[in-house]
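Below: one structure, written as structure tokens.
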There are 2 protein chains.
Amino acid sequence: MREICRIAARVFYEKGYDGASMQDIASAVGLTKAGLYHHIESKDHLLFEIMNYGMDILQEAVLDKVKDIADPREKLRRTIIGHIDLIVRARDLEITVILHENRSLKGALRTKINARKREYIRHLEDLIAAVQQQKGGKPVIAPRLAAFALLGIINWLYQWYRPEGAVKQEELASTYADFFFRGLLGAA
Amino acid sequence: MREICRIAARVFYEKGYDGASMQDIASAVGLTKAGLYHHIESKDHLLFEIMNYGMDILQEAVLDKVKDIADPREKLRRTIIGHIDLIVRARDLEITVILHENRSLKGALRTKINARKREYIRHLEDLIAAVQQQKGGKPVIAPRLAAFALLGIINWLYQWYRPEGAVKQEELASTYADFFFRGLLGAA
């Protein structure tokens, strides 16, 4: 199913969700149309599965890896670096893009994906609040606004950043983590 | 033409670029298909005109208004606030979204739009470098990375921010301007 998701994501990315037919996807995957419908009941469900897969990757590649870190600041830093790594990986570019452009998904499936996105945002907010509390004093930005600023910085990367360019990924991630902590805490 | 751009943007937003036909757009605008082709030679050109219109608005509503401000920090702050205002305006939401999702545009038309986008980024970079220079000392982030962080924060707003919610637009804009300057300069 993950392989189907990855290939279908590429087809949606290239042809647009409305422009791609189930036949296009079946051909790309190497199945007959009937064979594809054996795996997935509709184009809507396929889009949902792709987005759900994107959220699974975020969980596995980022959240699961930082869950045992006790210090909130270090945990947030590792989360930022992990999320940047995920977005920058060429392999999953199409999935990232589809996850952002979720207007095509409607109704209950959309609600489910949005609930998973909200859960991640709440996780970031909690972590940010813990970092602010650890520092002490009056916070200079609401955790929710800081969380969305961070998501904006990271999720925008797919629009412009290419890891083969002048700025190496490690430098990018550490520069942005530092930038975020300065913005959040008022000092480097 | 601007009215056609606005209405066509809404149709593309709702049906997707590939899903919307020139007939759909003609109907929405209140023209016959032949009448629409009198104004615009193809769907590609229409998409280009919408994006070009989006960049015109950015020029008029943001850049033209700050061009006489001498102090780089004040000029950058007004640019940030003006750009946020533009993104947040419900009236032009569809145009913003289409401007971001520019994969549908190909070839020479895409190159032209990307050149206008690059020009705006260069403008931000120059302004950021001037602010860093004004402060003195060794810059803590490259102007280019700071410019893209800023664009990410602002351009992501359409995904989550609703001006009728708890955070008023003025508060949002000033919070993010402050956040950006702390991240850029290392102090509030």
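Points to keep in mind about this one:
- Probe 1.4 Å, protein heavy atoms only - accessible area per residue of the protein assembly as shown in square angstrom: 46
- The spacing between the range A:133-188 and the range A:1-74, judged by their C-alpha centroids, is 27 Å.
- Comparing the full protein assembly with the isolated chain, the residues of the range A:7-37 losing at least 50 square angstrom of accessible surface (1.4 Å probe) are A:ASP18.
- Here the calculated FRET efficiency for A:ALA115 and B:ASP24, from their Cβ-Cβ distance with R0 = 35 Å, stands at 0.65, rounded to the nearest 0.05.
- Listed cross-link partners A:LYS117/A:LYS168; B:LYS43/B:LYS112; A:LYS106/B:LYS33; A:LYS168/B:LYS135 are compared with a 19 Å cut-off, the Cα-Cα value being larger for A:LYS117/A:LYS168; A:LYS106/B:LYS33; A:LYS168/B:LYS135.
- Dimensionless Rg ratio for the range B:64-128, taking C-alpha atoms and the 2.2 N^0.38 Å reference: 1.29
- For the range A:104-188, the Cα-based Rg and Dmax, in that order, read 15.6, 44 Å.
- When every Cα-Cα distance of the range A:10-87 is counted in 5 angstrom steps from zero, the calculated P(r) takes the values 3, 14, 19, 16, 11, 10, 10, 8, 6, 3, 0 percent.
- Under the span-like rule (Cα at least 30 Å along the axis, Kyte-Doolittle mean at least -1.0), DSSP H helices of chain B: B:107-135
- Applying 1/(1 + (r/R0)^6) with r as the Cβ-Cβ distance of B:ALA166 and B:LYS33 and R0 = 35 angstrom yields a FRET efficiency of 0.15.
- Note on B:138-147: average number of Cβ atoms from other chains within 10 Å of each residue's Cβ is 3.
- Accessible surface buried upon A-B contact (total; probe 1.4 Å; Å², nearest 100): 3100
- Taking only protein heavy atoms and a 1.4 Å probe, the accessible area of the protein assembly as shown is 50% carbon and sulfur.
- Hydrodynamic estimate: the Kirkwood radius of the protein assembly as shown over Cα pairs, inserted into Stokes-Einstein at 37 °C and 0.692 mPa s, corresponds to D of 148 µm²/s.
- Solvent-accessible area of B:ARG182 with every protein chain in place, 1.4 Å probe, in Å² to the nearest 10: 10
- Between A:ALA61 and B:LEU93, the distance separating the two model label sites (each 7 Å from Cα on the Cα→Cβ line) works out to 3.0 nm.
- Sparsely packed GluC sites (Glu not before Pro) within the range A:154-188, loop by DSSP, other Cβ within 10 Å at most 11: A:GLU164
- The listed residues B:THR32, B:THR175, A:THR79, once ranked by accessible area (1.4 Å probe) with the largest placed first, stand as B:THR32, B:THR175, A:THR79.
- Peptide A:153-161 has a mean of 5 when you count, residue by residue, the C-beta atoms of other protein chains within 10 Å of its C-beta.
- Stokes-Einstein diffusion for the range B:45-188, with the hydrodynamic radius set to the Kirkwood value over Cα pairs and evaluated at 4 °C in a medium of 1.567 mPa s, equals 81 µm²/s.
The values are calculated or read from the model by the stated rules, or taken from the named source; none is laboratory data. These numbers were taken from a predicted model, which means no experiment stands behind them. We place every Cβ from the backbone using ideal geometry, glycine too, and count neighbours over all the protein chains shown. Keep in mind that these areas ignore ligands, DNA and RNA; they rest on the heavy atoms of the full protein, side chains included. Shrake-Rupley method; radii C 1.70, N 1.55, O 1.52, S 1.80 Å.
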